[in-house]
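Inspection log for the structure reproduced underneath, given as structure tokens.
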Amino acid sequence: MLKFTEDHEWVRVEGDEIVVGITEHAAEQLGDLVFVDLPEKDATVSKGDEIVTVESVKAASDITAPADGTITEVNSDLTDNPTLVNESPMEAGWIFKMKLESKDALDGLMDEAAYRDFIA
Amino acid sequence: MSQLKTTPLDGLHRSLGAKMVPFAGYEMPVQYSAGVLKEHLHTRSAAGLFDVSHMGQIEIRPRSGDLDDAKRALERLMPVSVLPLKTGRQRYGLFTNDQGGIMDDVMFADLGDRVFLVANASRKESDLEILRNGLTDCDVTVLERGLIALQGPKAEAALATLNPAVRDMKFMDIGEFEILGERCLVSRAGYTGEDGYEISVPAEATEALAKRLLELEDVQPIGLGARDSLRLEAGLCLYGNDIDETTTPVEAALEWAIQKPRRRGGEREGGFPGAEIILEQLEKGAARRRVGLRPEGRAPMREGVELAAAEGGEPIGKITSGGFGPTVGAPVAMGYVPTEHSAPDTQLYGLLRGRSVPVKVSTTPFVESGYKR
């Protein structure tokens, strides 16, 4: 299942975890990334917390936690190669994985069709 | 809000897929489809074409017909040595105020019968006021022309396809050349740290010239985003960020722009706004100083990041320009610190998102300059 936030994050459900990254649209808007400030593994986060900073040549933007939960893994490949986010935003450029506090935490998010309308 | 102005290349920018943003009252391209990073690297390795038509192009003609009269009058507005400048040469200049602060930084040139001056877009009106009040015996005119910067190691070969004579110019030379049948004013200068040219061209001929240069394989269009990262790597100041009405030339580490004849003991000492403060600082130093900064790691430290002398310490200074330097391959910045902390390799700490991140004072430029001396 793939969901989208209004902050241009994609959220993919994999078992009892979610994988989170930024959308191609967001990556295009930001331009080539030069730095991704990743969250700490095992950190407890609340929905809306600014837990990741992505920096392009132009500007810094914050990425928020899409739901309450715990960070289970971060994509350490981005430390040396932040442009993975631009080259492959949905696959190699994923940013973090987290375990959700509650299964229905993603109910309010958009599906792909709704997100396409949102950015149109 | 007043209507944004456009440059003669507005249509071309849009047809090239530029992302347009408001800048200093103009709609300007911040980047094209290649993106800031690639545009930056292309300029350093080949040649970049920049629309800088938003900048002020100003002509100063002495009513007496003797250019020395205009040059002497300019020395009453700038701490810079203007009088000995030879015809066909350009120099960096600064307008100052009575507090010694910088009103604008400009390029000015002796063209024999007139002085030509290029001003920052955001300071055009202020500069005109300074010039019209200060140069009462001169005619001060704004030229409505296009201005194209062609920058990078392949710039010479590119422009030479249209007039081979530009090859013989040296850094800061300026003169009139016929290009595509138009009389253009060409200077061998720019603001990227690279060799290159700035070409002042009649407004209606600007697009044809830009298109012709862009047809060359080595020339790509470059937006304001890369212009900013290029000038930052070159250690060059951005007016409004790194220098402004509250920073003096000495605080800004621009002493090199104040030549000996204008300093204490020089034959044309002082006599410009803020002279007492600036001349005193030239001898004794100022309390704070602009420095280059190299943050540790990959996280850029941008404008506004506070600097401390010790980890977790109280702020003692601030970053005025900063970002990622694509050619350096690491973050670079500049900012103001107390002079006792301004020596190269001094260890400081930037307060970044609640953390204390090490940053070292560095010499500038951060990349080797490519000027053709």
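Read-outs: derived from the displayed coordinates by stated rules, not from any lab. Given the structure is predicted, the values throughout are model-derived calculations rather than measurements. Backbone-built Cβ (ideal geometry, glycine too); neighbour counts: all protein chains shown.
What spacing in nm lies between the two simple spin-label points modelled at B:S33 and A:N81, each 7 Å away from Cα in the Cβ direction?
Between B:S33 and A:N81, the label points sit 2.6 nm apart.
Pull up the cross-link candidates among the aspartates and glutamates for B:K71, meaning alpha carbon to alpha carbon under 12 Å and not fewer than 8 places away within one chain.
Straight-line reach from B:K71, under 12 Å: B:D110, B:D113, B:D137.
Measuring from the lowest to the highest alpha carbon on each principal axis, how far does chain B reach, largest first, in angstroms?
62, 51, 44
Hey, any idea what the orientation-averaged projected area of the convex hull of region B:1-135's Cα atoms comes to, in nm²?
The number I arrive at for region B:1-135 is 10.7 nm².
Hey, what D do you get for chain A in µm²/s if you plug the Kirkwood alpha-carbon radius into Stokes-Einstein at 25 °C and 0.890 mPa s?
D, rounded to a whole number, is 173 µm²/s.
Would you please state which residues of region A:33-68 a label at A:L2 would reach in this model, taking the label point 7 Å out along Cα→Cβ and a backbone N cut-off of under 19 Å?
A:66
How long, wide and thick is region B:287-373, going by the Cα atoms along their three principal axes, in whole angstroms, largest first?
Principal-axis extents of region B:287-373 (Cα, largest first): 44, 29, 19 Å.
If you take the beta carbon distance between B:K86 and B:K5 as r and set R0 to 35 Å, what does 1/(1 + (r/R0)^6) give as a FRET efficiency, to the nearest 0.05?
E(calc), rounded to 0.05, equals 0.50.
Beyond 18 Å between alpha-carbons counts as too far, so tell me which of A:K41/A:K103; A:K58/B:K19; A:K58/A:K97; A:K58/B:K5; B:K86/B:K124; A:K47/A:K97 fall in that bin.
In this structure, A:K41/A:K103; A:K58/A:K97; A:K58/B:K5; B:K86/B:K124 lie more than 18 Å apart at Cα.
Modelled label-to-label distance, B:K284 and B:R14, 7 Å Cα→beta-carbon offset: nm?
With each label point 7 Å from Cα toward Cβ, the separation is 5.8 nm.
Let's test this: bin the Cα-Cα distances of the protein assembly as shown at 20 Å from zero up to the farthest pair and state each bin's percent.
Bins of 20 Å from zero give 21, 49, 25, 5, 0 percent of pairs.
So for the pair B:R72, B:A343, with labels modelled 7 Å out along Cα→Cβ, what separation do we get in nm?
For the pair B:R72/B:A343, the computed spacing is 4.6 nm.
Expected output is a single nm value to one decimal: the length gained when fully extending between B:N163 and B:E267, i.e. 0.36 nm times separation in residues minus the C-alpha distance. What is it?
33.4 nm
Averaged over its residues, how many other protein chain Cβ atoms are within 10 Å of peptide A:78-89's Cβ atoms?
Mean partner-chain Cβ count within 10 Å for A:78-89: 1.
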